[in-house]
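Written below as structure tokens is the structure these notes are about.
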Amino acid sequence: MYVNLKALHLLVLLNDGMHHSASSLAKHLKCSLTSIYFLVYQLKNYSVDVVDIDGNIIRMNKPIVWLNTELIIKYTSVSSKKFDLRLFDIVDSTNNYLLNQLKRKALIKGTVSVVATEFQTSGRGREGRIWQCGFGNGLMFSMCWRFDKGVSHLSGLSLVTGIAILRVLKSYSIQNINIKWPNDILCNNHKLAGILIEIRGEICGPSYAVIGIGINFNLSESIKPSIDQKAIDLSEVTSNLIDRNQVFGELLLELHNILKDFNYYGFVYFKKEWISYHSYEGCEVDLIFPNGLSITGIVDGIADNGAICLLTPEGKKSFNVGNISVRSRAY
Ligand code: BTN
């Protein structure tokens, strides 16, 4: 992946949030004024909110707290050998990166491979959607977890991953966070985080899950209009600045623990906790299927495999796919 290192260097200079004249930046980076304007344009392509005033004074709106391997590992509070953690400035998609490594059998055995990045050029969401987040504005990472069991035992994995995120974010006293089945993390009914799980492996095992997580921390103004759903970030819901490195480290630890329990006990062990986080438990909803058809019912828990249960006029039914759309009346 081509990364303009000079643009990154400029970003580091601007990250103090102060006003810089274009000429001083050019001097610092040993390049022409025209190059500075080109680099500013490049930063805007990474959705960095760079403001240029009268074409001369340049400033960055929201300084970035960079991801830092030592800090992240410190916050996992486990031996650094447990994780093979790689940080990038830019990749296409952290899920793609790990899926490729898996295909090439290039992952280190005995450790959990984790890849995080400041920016994705082709970030992917569920159902073919795009995941967009500006440079350093969020946490975007993927983890590859090996299960001895076969692929069929992994239903419920994405719901359990949602629990790990909720547990960590709730520890920061953030109010009104919940999960929309199967794994949208919402805050005040807006999307705060998403999960994309891609499974590879054999029917009888072993199987591998690439678990991709995106959490919005401090979305740049320039990216907000291009996000295709109502999005929210942590800076909007808490007055304290939440440290990405800390949340990341704590989330790695939580995922590590929860995935071990999931491997051992299965989803049923987490069912009650998951239902307690569900936004729409007891609500009348439409479940819209990928073919556009829908069914109406009242949400009545989830099945042992993570399928959503609806009370319909034809009785209680469970479904593995579909998108929930809430109706106004709650029971
Ligand atoms: C969704 O809610 O649609 C899922 C979004 C998942 C986004 C994350 S960001 C890190 C990882 N890499 C990707 O390309 N996608 C996931």
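The table below gives the values:
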read-out	value
Flag for SER113 being under 18 Å from the mean Cα position of the chain (by Cα), within 14 Å of the ligand (Cβ to nearest atom) and open to solvent by 10 Å² or more (accessible area, probe 1.4 Å)	no
Matching residues in region 55-96 - criterion: being more than 16 Å from the ligand (Cβ to nearest atom), crowded, with 18+ Cβ neighbours inside 10 Å and among the aliphatic types (A, V, I, L, M)	ILE58, MET60, ILE64, ILE73
Residue list for region 302-331, restricted to those being touching a helix residue (DSSP H, G or I) at 6+ places or on another chain (Cβ under 9 Å) and either over 13 Å from LEU159 (Cα atoms) or β-branched (Val, Ile, Thr) (or both)	ILE302, ASN323
Any hit, region 195-207, residues being under 28 Å from LYS103 (Cα atoms), of a type in the set (Lys, Arg), in the same structural domain as GLY128 (by TED's automatic domain parsing) and in contact (Cβ under 8 Å) with a residue 24 or more places away in the chain	yes
Those residues of region 125-157 which are within 9 Å of the ligand (Cβ to nearest atom), over 11 Å from the mean Cα position of the chain (by Cα) and under 21 Å from ILE308 (Cα atoms), in sequence order	ARG126, GLU127
Boolean, ALA106 is within 11 Å of the ligand (Cβ to nearest atom) and either part of a loop (DSSP other than H, G, I, E, B) or in contact with a Lys or Arg (Cβ under 9 Å, 6 or more places away or on another chain) (or both)	no
Odd one out for CYS31 among (1) in a loop (DSSP other than H, G, I, E, B); (2) modelled with pLDDT of 90 or more; (3) touching an Asp or Glu at 6+ places or on another chain (Cβ under 8 Å)	(3)
Number of the condition not met by TYR208 [criteria: (1) open to solvent by less than 50 Å² (accessible area, probe 1.4 Å); (2) more than 16 Å from LEU159 (Cα to Cα); (3) among the aromatic types (Phe, Trp, Tyr)]	(1)
Sole exception among (1) open to solvent by less than 50 Å² (accessible area, probe 1.4 Å); (2) over 21 Å from SER276 (Cα atoms); (3) under 25 Å from the mean Cα position of the chain (by Cα) for ALA307, by number	(2)
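Here is a yes/no grid of residues against (1) of a type in the set (Ser, Thr, Tyr); (2) at pLDDT 95 or above; (3) surrounded by fewer than 21 Cβ atoms within 10 Å (Cβ to Cβ):
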{"position": "LEU98", "(1), (2), (3)": "no, yes, no"}
{"position": "GLN101", "(1), (2), (3)": "no, yes, yes"}
{"position": "GLN120", "(1), (2), (3)": "no, yes, no"}
{"position": "ARG126", "(1), (2), (3)": "no, no, yes"}
{"position": "MET140", "(1), (2), (3)": "no, yes, no"}
{"position": "SER152", "(1), (2), (3)": "yes, no, yes"}
{"position": "ILE165", "(1), (2), (3)": "no, yes, no"}
{"position": "ILE185", "(1), (2), (3)": "no, yes, no"}
{"position": "ILE199", "(1), (2), (3)": "no, yes, yes"}
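The values are calculated or read from the model by the stated rules, or taken from the named source; none is laboratory data. Worth saying up front: this structure is predicted, and the values here are computed from it rather than measured. Note that each Cβ is placed from the backbone with ideal geometry, even for glycine, and that neighbours are counted across all protein chains shown. Note: areas computed on protein heavy atoms with side chains; ligands, DNA, RNA excluded. Shrake-Rupley method; radii C 1.70, N 1.55, O 1.52, S 1.80 Å.
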